[in-house]
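Novice: Below is one structure. I have some questions about it.
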Amino acid sequence: MKKEILFLPTLLVLLLLLSACTGESSTKETINEEGTDASLDLSEYVGIDENESGTPDWQEEEIELVYASKFYGENDETNPIFLNIQKFMEKYPNITVVRDRQFAADEEDFTQMEMLTARANERNLPDIFYSPLAAEAYDRELTLDLTPYIEADPEAEWISENAKRVMKTYDGEEIYGIPWMSVGQFPAINTRLLRENNIQVPTYDWTYQDYEDLRSEVAKLTPDNPIFPGIIEFQDHGAHYFDSIPNGWLGYNIESQTWDFTNSKRYGEWFEQVAREGIEGLHFYDLPEAERIEKVGNLGWAWGDGLEAVSNMWMFALSGDVGELVVNREMEIDIYPMPEAPEGGSTSIRAYYDTLSISSALEDDPVKAEAAFQLLKWLTYGEEGLKSKWSLIDEYSGLPEDAPLRVEDRLMDFVQGWPITTNPEVLENHPLVQGFPEDSELAIFNFEAFKNPEFQQQLANPISYPRQMPAVSNVFSNLDIWELRNQIRDEGVRYSDIASEWDTMMNENLEDYLRQYNR
């Protein structure tokens, strides 16, 4: 539960000072929003040492943890996450971590959720598991509340604000899990195309107006050339970027827990602009097929074919995209932070948070639960675990081409997105921040933007897909946000004419799904 210190009477302050001086209390005293006592005795959860040996029991008892995740392959010996788990076991030899084979295969999130539910009914839930649909996992009572562990850990203070928000359950009562990474989408620019056409390449501290000015210059070339401005995909998170709608992913307001297109006026202006550009022929995919073939031949991927000035790249796809664009297609591209938002908006990138949770069954086994949390921290935001994960890059670099696992083939499986810590001393050790030797195959990933502190913080604190909000994932799966633009383009309507209709439609769908929830 969210706790805010609103008032501490003088007597309580004195008592706290006395207990701190005597070392007799490990209770964290807070007053919650309702003004009632919300004291949390952390000793019930962390640092349990029943034999008074001076070493926590979770480091002494023989413990087996079952880990369940589909990510990075079924073979444990070539799975970068599990290789890092093995490093954890080397440090804590009393702990054995085994992988649940049922969850090793790649299944879609809805299927994974049903598998977890079935296992819970069998009283055989994995101890640590990928939480595919967090609201459902919490509603079905699958997840252990991690609040006391986060409250007790100083490193948790560095977890980014948006990650903390998405870690909390929709009712604010619990912390259902911890993201091991944010998988963000960021702008990319075809620098060669700009230079060849005498268009100035923007600096990393660019603004939204700089972005539009660049696109306007490219648009002057489009009528006589197979060159297109391209876009940053604001349709997905523009409600936050343009209008500061809280969270704002696809127009969803995370505070009101409803869709809010009506109050996203600047977002609507962007849709109207993109609709006009489509009519004017400035977008590759909006051209009629015959006109597109006449203009560009059989080319079918405008950005990859070097025809667009601006596009987007996902962190998870960085290995494949950079290899294809830079190595195979010999393009010259650069990665950029998000441009500073226009007045009234909030600058941010958008991302998915992939999250690990702990089984609610461990509530009755606090020593095992603490061991599970320590592994969870190792895999997510903890400095030691992050450095351990990143050290694998050195171990698996420069191996023969026929080696079972090479960083050169699977860099992003080792990097695994961006950590949720905002600690600059930790982020300076990130592989993409440090860069790679110029004589390495990995030198193609040496993008200067990753050394930019502001960009690092954007990546650590993105606007997230709110998996912890009830029914949002279900409703999102039925939403094609481009249909809003298409209505404006093809029917000649204004955004303001149809925004409330979209709100009504989406919120009615949301209400239908919410009826499935118990809490």
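Novice: Mind checking which residues of the range 151-174 are touching a strand residue (DSSP E or B) at 6+ places or on another chain (Cβ under 6 Å) and among the aliphatic types (A, V, I, L, M)?
Specialist: Across the range 151-174, the qualifying residues are Ala163, Val166, Met167.
Novice: Conditions: (1) within 17 Å of Pro337 (Cα to Cα); (2) more than 23 Å from the chain's Cα centre (by Cα); (3) charged (D, E, K, R); (4) open to solvent by 20 Å² or more (accessible area, probe 1.4 Å). Arg266 meets all but one. Number of the miss?
Specialist: Answer for Arg266: the failing condition is (1).
Novice: Taking only pairs six or more apart or across chains, which ones have beta-carbon atoms under 7 Å, a first residue in the range 43-56 that is touching a residue at least 12 places away in the same chain (Cβ under 8 Å) and closer than 13 Å to Ala371 by Cβ, and a second residue that is of a type in the set (Ser, Thr, Tyr) and surrounded by 14 or more Cβ atoms within 10 Å (Cβ to Cβ)?
Specialist: Correct list of pairs: Tyr45/Tyr149; Val46/Tyr149.
Novice: Just name the residue that is farthest from Glu157 (Cα to Cα) out of those in the range 419-454 that are open to solvent by less than 10 Å² (accessible area, probe 1.4 Å) and either part of a loop (DSSP other than H, G, I, E, B) or at pLDDT below 95 (or both).
Specialist: For the range 419-454, the residue satisfying everything is His430.
Novice: Inspect the range 300-307 for any residue being open to solvent by 60 Å² or more (accessible area, probe 1.4 Å) and either at pLDDT 95 or above or over 28 Å from Pro132 (Cβ atoms) (or both) and give the result as yes or no.
Specialist: yes
Novice: Out of Arg494, Arg515, Arg485, report the one residue that is touching a residue at least 12 places away in the same chain (Cβ under 8 Å), of a type outside the set (Asp, Glu), out of contact with any strand residue (DSSP E or B) (no Cβ under 7 Å at 6 or more places or on another chain) and open to solvent by 40 Å² or more (accessible area, probe 1.4 Å).
Specialist: On the way: Arg515 fails: touching a residue at least 12 places away in the same chain (Cβ under 8 Å); Arg485 fails: open to solvent by 40 Å² or more (accessible area, probe 1.4 Å).
Selected residue: Arg494, the only one of Arg494, Arg515, Arg485 that is touching a residue at least 12 places away in the same chain (Cβ under 8 Å), of a type outside the set (Asp, Glu), out of contact with any strand residue (DSSP E or B) (no Cβ under 7 Å at 6 or more places or on another chain) and open to solvent by 40 Å² or more (accessible area, probe 1.4 Å).
Novice: Return the residues of the range 455-472 that are open to solvent by less than 10 Å² (accessible area, probe 1.4 Å) and in a helix (DSSP H, G or I); say none if nothing qualifies.
Specialist: Phe455, Leu459, Ala460, Val472
Novice: From Leu399, Leu405, Leu392, which residue is open to solvent by 50 Å² or more (accessible area, probe 1.4 Å) and either among the hydrophobic types (A, V, I, L, M, F, W, C) or in a loop (DSSP other than H, G, I, E, B) (or both)? Quick ask: steps written out before the conclusion?
Specialist: Values: Leu405 fails: open to solvent by 50 Å² or more (accessible area, probe 1.4 Å); Leu392 fails: open to solvent by 50 Å² or more (accessible area, probe 1.4 Å).
So the residue among Leu399, Leu405, Leu392 that is open to solvent by 50 Å² or more (accessible area, probe 1.4 Å) and either among the hydrophobic types (A, V, I, L, M, F, W, C) or in a loop (DSSP other than H, G, I, E, B) (or both) is Leu399.
Novice: Still on this structure, I have one more. Tell me, yes or no, whether the range 143-156 has at least one residue that is without any contact (Cβ under 8 Å) to a residue 24 or more places away in the chain and under 30 Å from Pro246 (Cβ atoms). It would help to see each step written out before you state the result.
Specialist: First, pick out the residues of the range 143-156 that are without any contact (Cβ under 8 Å) to a residue 24 or more places away in the chain: 154.
Now restrict to residues that are under 30 Å from Pro246 (Cβ atoms): 154.
Yes - at least one qualifying residue is present in the range 143-156.
Novice: Looking at Met167 and the list (1) within 19 Å of Asp354 (Cα to Cα); (2) free of Cβ contacts under 8 Å to residues at least 24 places away in the same chain, which single condition is not satisfied?
Specialist: In the conditions (1) within 19 Å of Asp354 (Cα to Cα); (2) free of Cβ contacts under 8 Å to residues at least 24 places away in the same chain, Met167 misses (2) alone.
Novice: Can you report the number of residues in the range 172-200 which are over 29 Å from Glu448 (Cβ atoms), under 21 Å from the mean Cα position of the chain (by Cα) and of a type outside the set (Gly, Ala, Ser)?
Specialist: 4
Novice: Counting only residues that are over 23 Å from Val367 (Cβ atoms), assigned to a loop (DSSP other than H, G, I, E, B) and open to solvent by less than 20 Å² (accessible area, probe 1.4 Å), how many does the range 71-116 have?
Specialist: Looking only at that region, the number is 2.
Novice: Could you tell me which residue of the range 262-293 is farthest from Pro246 (Cα to Cα), considering only residues that are outside any helix (DSSP H, G or I) and aliphatic (A, V, I, L, M)? Walk me through it before giving the result.
Specialist: Our first condition is that a residue be outside any helix (DSSP H, G or I); within the range 262-293, this holds for 262-264, 281-283, 287-288.
Subsequent filtering for residues that are aliphatic (A, V, I, L, M) retains 282, 287.
Values: Leu282: 31, Leu287: 35 Å.
For the range 262-293, the residue satisfying everything is Leu287.
Novice: Sticking with this structure for a sec: What number of residues within the range 345-363 are at pLDDT 95 or above and open to solvent by 20 Å² or more (accessible area, probe 1.4 Å)?
Specialist: 6
Novice: Restricting attention to the range 484-519, report how many residues are closer than 30 Å to Glu280 by Cβ and in a helix (DSSP H, G or I). I'd like the intermediate steps shown before the answer.
Specialist: Step one: of the range 484-519, the residues closer than 30 Å to Glu280 by Cβ are 484-503, 505-506.
If we keep only those that are in a helix (DSSP H, G or I) as well, we get 484-491, 495-503, 505-506.
So the answer is 19.
Novice: Residues that are under 27 Å from the mean Cα position of the chain (by Cα) and at negative phi: does the range 279-301 have at least one?
Specialist: Taking the range 279-301 as the starting set, the residues that turn out to be under 27 Å from the mean Cα position of the chain (by Cα) are 301.
From what's left, at negative phi: 301.
Yes, the range 279-301 contains a residue that is under 27 Å from the mean Cα position of the chain (by Cα) and at negative phi.
Novice: Next question, about the same structure. Can you report the number of residues in the range 150-180 which are of a type outside the set (Val, Ile, Thr) and open to solvent by 10 Å² or more (accessible area, probe 1.4 Å)?
Specialist: Keep residues of the range 150-180 that are of a type outside the set (Val, Ile, Thr), which gives 151-158, 160-165, 167-168, 170-174, 176-177, 179-180.
Within this subset, residues satisfying the condition of being open to solvent by 10 Å² or more (accessible area, probe 1.4 Å) are 151-155, 157-158, 161-162, 164-165, 168, 170-174.
Final tally of qualifying residues: 17.
Novice: Within the range 294-305, how many residues are within 17 Å of Ala219 (Cβ to Cβ) and either part of a helix (DSSP H, G or I) or of a type outside the set (A, V, I, L, M) (or both)? Spell out the reasoning first.
Specialist: Filtering the range 294-305 down to residues within 17 Å of Ala219 (Cβ to Cβ) leaves 295-296, 302-303.
Going one step further and asking which of them are either part of a helix (DSSP H, G or I) or of a type outside the set (A, V, I, L, M) (or both), we end up with 295-296, 303.
Matching residues across the range 294-305 total 3.
The values are calculated or read from the model by the stated rules, or taken from the named source; none is laboratory data. Since this is a predicted model, take the numbers as computed values, not measurements. Methodologically, a virtual Cβ is constructed for each residue, glycine included, from the backbone with ideal geometry; neighbour enumeration extends over all protein chains shown. For the accessible areas, the whole protein counts, side chains as well, though only heavy atoms, and no ligand, DNA or RNA atoms are used. Shrake-Rupley method; radii C 1.70, N 1.55, O 1.52, S 1.80 Å.
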